[in-house]
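The values are calculated or read from the model by the stated rules, or taken from the named source; none is laboratory data. Since we're looking at a predicted model, the values are computed, not measured. Cβ placement follows ideal geometry from the backbone for every residue including glycine, while neighbour counts extend to all protein chains displayed.
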Amino acid sequence: MSLPTEPIGSIPRPQALIQAFGDHAAGKIDDARLAELSDEALVDTLRRFEETGSPVITDGEQGKPSFATYPISGLEALHPEGAVIPFADGHTRQLPRLTGPFSYQVHADEYLTKARAHTSLPVKQAVIAASALSLLYPTDGIEGYDRDKFTADLVDGAEADIRRSLDAGADSVQIDFTEGRLSLKLDPSGGLLESFVALNNQVLSRFTEEERARIGVHTCPGGDQDSVHSLDVDYAELLPTLFQLNVGRVYVQLASESEPERVLSVIREHRRENQKVFVGVIDPINPVVETPEQVRDRVLTAAQYIPADHLGTCDDCGFSPFADDVSTSRDTAFAKIAARVKGTQLAAEALGL
């Protein structure tokens, strides 16, 4: 396929795995049983990805408790009551709060290595942004562990998370940056967003230009239980700063935007010459499965603003970033992915590529 197309990350877990995460947290099953069920879900996910014709796949984040907190699974210096993320439908997600020294307990290459053992297709790996993990540090500080030391440890860990995935054979590494758009809701001045971008660029500065060509960033207004946290924030306030991130790929939620062409015009103005933009052509929150023709038309619209050799497609967001989200079925998710793959192919043919 001459136009690249990629998933964003998570796929809804089978009910048995969702139950196992809850049972494991309650101490009803051990690590080995949870790992066994995670591996079964992984193998099935990869098989179903291959059936869609996807040229690049992911592990569907089957083994992650959530896209955001996998690095701290098992970290003892945590209190459960940390930053709260409110969603438009009224439900919330809460991050833990750091109470002592920070370090990565799990790196994403562990998931990648398992996935690559079961498929011959290229596998991309999603990682959480350093800026998201920075929200773990409490506003009143930690005695004996200041913010500067935390930031140094965080940047080291985030670098290792990306580098280990690249070294383990990831086709690309995608940094999940959903807090970018949310930051403008928390701080409309843009100061928080600028600090997030600066922190993430500290991590990215440790990679070569060739390595950064394989590193991307994903932005969306959140996607959990068929709701969002920041869709009401104007993309025009986010995108100029987002494109300052020193990455070669930018994955932009677009299918669920009310004015996609206005967003595309902002992208055209601020995209760097060396950045490939993957536009979202599938809305995971909408239960209706897109047709390949709808996808094709969305791609052709995007091609009016972004050069075809710098254009790709993706889903707006992961289908189930948190392990307990059952708002979308696996069948629906894979049907939407198949439509994205076919629609992107139709668009490539229409563009003569």
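So, in the stretch 302-353, exactly how many residues are touching a residue at least 60 places away in the same chain (Cβ under 8 Å), among the charged types (D, E, K, R) and assigned to a helix (DSSP H, G or I)?
Qualifying residue count for the region: 3.
Looking at the structure I just gave you, is Tyr104 free of Cβ contacts under 8 Å to residues at least 60 places away in the same chain and in a loop (DSSP other than H, G, I, E, B)?
yes
Taking the stated definitions as given, is Ala255 farther than 24 Å from Val84 by Cβ, surrounded by fewer than 21 Cβ atoms within 10 Å (Cβ to Cβ) and hydrophobic (A, V, I, L, M, F, W, C)?
no
Which one of Glu273, Glu237, Glu261 is free of Cβ contacts under 8 Å to residues at least 40 places away in the same chain and not small (Gly, Ala, Ser)?
On inspection, the qualifying residue turns out to be Glu273.
Among the listed residues Val299, Val279, Val250, Val263, which satisfies the condition of being crowded, with 20+ Cβ neighbours inside 10 Å, within 20 Å of the chain's Cα centre (by Cα), among the aliphatic types (A, V, I, L, M) and assigned to a helix (DSSP H, G or I)?
Residue meeting the stated conditions: Val263.
Can you tell me which residues in the stretch 282-296 are surrounded by 15 or more Cβ atoms within 10 Å (Cβ to Cβ), among the β-branched types (Val, Ile, Thr) and touching a helix residue (DSSP H, G or I) at 6+ places or on another chain (Cβ under 7 Å)?
Those that are surrounded by 15 or more Cβ atoms within 10 Å (Cβ to Cβ), among the β-branched types (Val, Ile, Thr) and touching a helix residue (DSSP H, G or I) at 6+ places or on another chain (Cβ under 7 Å): Ile282, Val289, Val295.
Of the residues that make up the stretch 14-35, is at least one under 21 Å from the mean Cα position of the chain (by Cα), at pLDDT below 95 and part of a loop (DSSP other than H, G, I, E, B)?
So far as the stretch 14-35 goes, yes, one or more of its residues are under 21 Å from the mean Cα position of the chain (by Cα), at pLDDT below 95 and part of a loop (DSSP other than H, G, I, E, B).
Any residue at all in the stretch 22-37 that is in contact (Cβ under 8 Å) with a residue 24 or more places away in the chain, in contact with a helix residue (DSSP H, G or I) (Cβ under 8 Å, 6 or more places away or on another chain) and crowded, with 16+ Cβ neighbours inside 10 Å?
Scanning the stretch 22-37, I find no residue that is in contact (Cβ under 8 Å) with a residue 24 or more places away in the chain, in contact with a helix residue (DSSP H, G or I) (Cβ under 8 Å, 6 or more places away or on another chain) and crowded, with 16+ Cβ neighbours inside 10 Å, so the answer is no.
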